[in-house]
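> Pasting a structure here, questions to come.
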Number of protein chains: 2
Amino acid sequence: MRKATLRDVGKLAKVDPSLVSRVLNNDPNASASARTKKRILDAAKKLNYTTNISARNLKLASTKTIGLLLSDLTNPTNDLVAHGVLQRSAELGYDVIIANHSDIGGDKTFVKMLSQGHVDGILAFVNSVNEAEFEELSDRLLERILPMNGKLTGLQCSVTVDDALAAEMCVDHLVGLGHKNMVGIFAPQLHDSPKRRVVGFKKACTRNGIEPKILLTHGYSQRDGYLATLEAISEYSPTAIFPSSNAYVLGAYRALYERNLRIPDDVSVITIHNSEVTEYLSPPLTNVMLPANEMGKMAAEKLINIIDGQKIGHVTVGIPPRLVLRSSTAQVIGDKSTLSSEVRVLKPLS
Amino acid sequence: MRKATLRDVGKLAKVDPSLVSRVLNNDPNASASARTKKRILDAAKKLNYTTNISARNLKLASTKTIGLLLSDLTNPTNDLVAHGVLQRSAELGYDVIIANHSDIGGDKTFVKMLSQGHVDGILAFVNSVNEAEFEELSDRLLERILPMNGKLTGLQCSVTVDDALAAEMCVDHLVGLGHKNMVGIFAPQLHDSPKRRVVGFKKACTRNGIEPKILLTHGYSQRDGYLATLEAISEYSPTAIFPSSNAYVLGAYRALYERNLRIPDDVSVITIHNSEVTEYLSPPLTNVMLPANEMGKMAAEKLINIIDGQKIGHVTVGIPPRLVLRSSTAQVIGDKSTLSSEVRVLKPLS
DNA sequence: CTGTTAGCGCTTTCAC
DNA sequence: GTGAAAGCGCTAACAG
């Protein structure tokens, strides 16, 4: 059976389709009498009516959906942000379409979607963006892209979190434990966010009178974290390493394990962003939590503001970074052998 | 500046909009002369024309996009499947919209999208489905839902991998290493897939003359794996555990670590599905690989077949499960103390 | 090879 | 409180 239309409902309820539309959309202007209203609602239910979204979108010239462009679906931090976006968007009556940039390759699917009117706007993680793709976009459309976690050249807005401060806090924590020989592992300096982490790292090192040892990876995967950690070990024999993203951490743990280095007895590890992974790693990972979820919420809200015609500048999420102390960092001890046979004292998870 | 329409392009190229449409869509029926064709193409480029997707969808009564319903974005196995779906769909000219079921809660967003004509069909991971949501769907629409990794009551089609055999292979591997005291950790028996894993586990245990020890979790998270492993240890003191999903594994490692049990020296661990996580865990995790990526590809293809009017039955992906040997399983040894101080011999990753 | 026409299903302005 | 009419931008059948 064909999908019911407004006309079908109108026919059954013996009213004009336009009235059905108004009633079903709770149009405040022209309200129907209680009786006809009921007739219409009944008819709609009976015919199992649902609006044809393409027709509505065409008419309204808007889709009430936004696109969320992520670099990697499995990344736990992305997931946190995505949840925030999904939640706030839903509250504001918007649907969200998620795309994984690595999948869509050179296809520019999202840019296409925006220019075709598939979505009203795009929320883009800066590290998942290839700025060249935006070139062909008109100014009107460019305005409808909101970068998350960094600025994008040519765009006047962004929603960011304080990466630099988080990196500083990581260093400070390590220094507080007596570490002087630490190496930071950072993503390629292609975007704003990894750059800011390096800036914070350097700043804190300098402030503490430590030489900043920095390793730049070639990518964003666990494997990159693994390789960098291996290099950090052989190059510097550090007492602490700072893989600056959740993705790198699993690789770092693996490299340390492979080299028979215990965490935190031999090497302390700390990272940025708190997630379920950091909680369930062995040992659980100390980190500086950034308000990822809130960034998602705020970004969704701001983008919808933009769609509604408002101007948004560069905003930073207000909630400050917070140290989440777990078991991957420890005091530097001269005589490590005393620790080797120590029994693990680990508070069970609640 | 307003988005250019076919009329605008037609006006500039001095032809009828309908001809523009035909040319831009490479309509095989009516082709234009080389000269007008060029005029049209030039005009389109000059005006930066892109089709209005809502108008096209309305006209064609189809959207060339499918919905992918996942339980959890961060789950590495889901990610494998998603990649397969994305890839094959793209090849066949379809876009994919991803939704995370836990986010959309009781909202039935996807069911809504299907009935509103937002998507032409849905690929649904069975464990992310609440069958009650489908009730209000007409038969015509129900046909356009293809369950992945299990059957759904009322639906005549599915794309599956051989979970039961994979579970059997896990047991067989363990038995081959001398294990007799193993416990399997399985998801709630609400859907086809976890049920089949239990079936395979039991079957292999029985075949090998072992009593099947089974723990059923209440959920699908790392935390559930953690709690179940803790229980497995205190209840059975097993020499091997089989957390039956990637998600459980991190929790299992954590529980073992917390109890000071070494992998694989004290307890062997094996799971189903191969992913980057299994590779980078410490120690790297032995598993039975299932063709998750292929399942995604096949599912996408089959769903598109369905959309095109074909009938699909219940199909299983042909590629057989395969044991991926890493370092989390070992021979059961009577005197464990000989192993304790052994140096780790671990081949570095290539 | 190209133009005319009609209509997909919806919303909204304007009448009554 | 309700109906009539127009049109969003596109495609496809038909005409010439």
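Only the coordinates and a few stated rules stand behind these numbers; no lab work does. What you are looking at is a predicted structure, and each value in this text was computed from that prediction instead of being measured. As a convention, Cβ positions derive from the backbone with ideal geometry for all residues, glycine included, and neighbour counts pool all protein chains shown.
> Extension gain A:E135-A:Y236, at 0.36 nm per residue separation less the Cα-Cα distance, in nm? Provide the component values of the computation, followed by the final result.
Numbers: separation 101, 0.36 × 101 = 36.36 nm, distance 4.28 nm.
Separation in residues times 0.36 nm, less the Cα-Cα distance, equals 32.1 nm.
> Using the Kirkwood radius over Cα pairs, work out the Stokes-Einstein diffusion coefficient for segment A:165-272 at 4 °C and 1.567 mPa s, in µm²/s as a whole number.
Numbers: Rh = 13.3 Å.
Once the numbers are plugged in, D ends up at 98 µm²/s.
> So for the protein assembly as shown, taking the charge dipole from beta-carbon charges (+1 Lys/Arg, -1 Asp/Glu), which of B:N181, A:S244, A:L146 sits furthest toward the positive end?
A:L146
> Under unit Cβ charges (Lys, Arg +1; Asp, Glu -1), what dipole magnitude, rounded to 20 debye, does segment B:1-126 have relative to its Cα centre?
1160
> Oh, and also: Let me spell out the model: positive unit charges on the Cβ of Lys and Arg, negative unit charges on the Cβ of Asp and Glu, origin at the Cα centre of segment A:250-296. What dipole size does that give, in debye rounded to 20?
Rounded to the nearest 20 debye, it is 160 debye.
> Going 7 Å from Cα along the Cα-Cβ axis for the label, what nanometre distances separate B:Q116 from the same residue across the other copies?
1.8
> Still on this structure: Can you pull the mean other chain C-beta count within 10 Å for peptide A:276-284?
Going residue by residue through A:276-284 and averaging, the value is 6.
> Which listed residue (B:I122, B:F134, B:P212) has the Cα farthest towards the positive end of the charge dipole for segment B:110-238, taking +1 on Lys and Arg C-beta and -1 on Asp and Glu C-beta about the Cα centre?
The one lying farthest along the dipole's positive direction is B:P212.
> Something else about it: Just tell me how shielded B:249-262 is by partners: mean number of partner chain Cβ atoms within 10 Å of each residue's Cβ, no decimals.
Mean shielding by partner chains, rounded to a whole number: 4.
> Based only on Cα atoms, what mean projected area does the convex hull of chain B have, in nm²?
Values: hull surface 91.9 nm².
Hull-based average projected area comes out at 23.0 nm².
> While we're here: Step through the table entries A:K180/A:K213; B:K37/B:K64; A:K46/B:K112, compare each Cα-Cα distance with 21 Å, and write down the pairs that go over it. Don't skip to the end; give the middle numbers.
Values: A:K180/A:K213 10 Å; B:K37/B:K64 26 Å; A:K46/B:K112 17 Å.
Listed pairs above 21 Å: B:K37/B:K64.
> Take the Cα atoms of the protein assembly as shown, build their convex hull, and give its volume per residue in Å³.
183
> Now for a different question. Please work out the Cα center distance from segment B:199-226 to segment A:142-183, rounded to the nearest Å.
Result: 43 Å between the Cα centres.
> Placing unit charges on C-beta atoms (Lys and Arg positive, Asp and Glu negative, everything else neutral), compute the dipole magnitude of chain B about its Cα centre in debye, rounded to 20.
Roughly 1800 debye for chain B.
> Okay, moving on. What are the label-to-label distances in nm, one decimal and shortest first, from B:H218 to the same spot in the other copies, with labels 7 Å along Cα to Cβ?
4.7
> So what's segment A:61-208 giving for Cα Rg divided by 2.2 N^0.38 Å, two decimals?
Taking the Cα Rg and dividing by 2.2 N^0.38 Å, one obtains 1.20.
> For segment A:35-106, what Kirkwood radius comes out of the mean inverse Cα-Cα distance, in Å? Intermediate results must be reported in sequence, preceding the final value.
Values: mean 1/r = 0.0661 Å⁻¹.
Every distinct Cα pair counted, the radius reaches 15.1 Å.
> Need the C-alpha centroid separation for segment B:1-71 versus segment A:16-75, integer Å.
If we compute the Cα centre of each part, the gap is 27 Å.
> To the nearest 0.05, how large is the calculated FRET efficiency for B:D16 and A:D16 if R₀ is 41 Å and r is the Cβ-Cβ distance? The partial results should precede the final answer.
Numbers: r = 33 Å, r/R0 = 0.81.
Here the calculated transfer efficiency is 0.75.
> With springs only between Cα atoms under 10 Å apart, run a GNM on chain B and tell me which of B:A330, B:A247, B:A90 wobbles the most.
Top of the fluctuation ranking is B:A90.
> Ok, one more. Before anything else, pin down the relative contact order of chain B: Cα pairs under 8 Å, at least 6 apart, normalised by residue count, whole percent.
It rounds to 17 percent for chain B.
> Taking the alpha-carbon distance from B:K311 and a cut-off under 18 Å, which lysines remain once sequence neighbours fewer than 8 residues away in the same chain are dropped?
B:K151, B:K297, B:K302
> Still on this structure, I have one more. Which log10 I(q)/I(0) values does segment A:6-51 give at q = 0.17, 0.26, 0.31 Å⁻¹ under the Debye formula, counting every alpha carbon as one identical point scatterer?
Calculated log10 I(q)/I(0) at the listed q: -0.36, -0.87, -1.23.
> List the distances, in nm and shortest first, from the label point of B:L325 to the matching label points in every other copy, placing each point 7 Å from Cα along the Cα-to-Cβ direction.
4.6
> May I pose another question? Give me A:M169, B:M148, B:M289 sorted ascending by neighbouring Cβ count inside 10 Å, so fewest comes first. Before the final figure, lay out the partial values.
Details: A:M169 23, B:M148 32, B:M289 19.
Ordered by Cβ neighbours within 10 Å, fewest first: B:M289, A:M169, B:M148.
> For segment A:6-51, what does the relative contact order come out to in percent, with C-alpha contacts under 8 Å and a separation of six or more?
Worked out over segment A:6-51, it gives 43 percent.
> Let me ask you something else. Among all the aspartates and glutamates, which ones have a C-alpha under 20 Å from B:K59's C-alpha, if same-chain residues fewer than 8 places away are not counted?
Result set, ordered by chain and number: A:D8, B:D8, B:D16, B:D27, B:D95, B:D120, B:D308.
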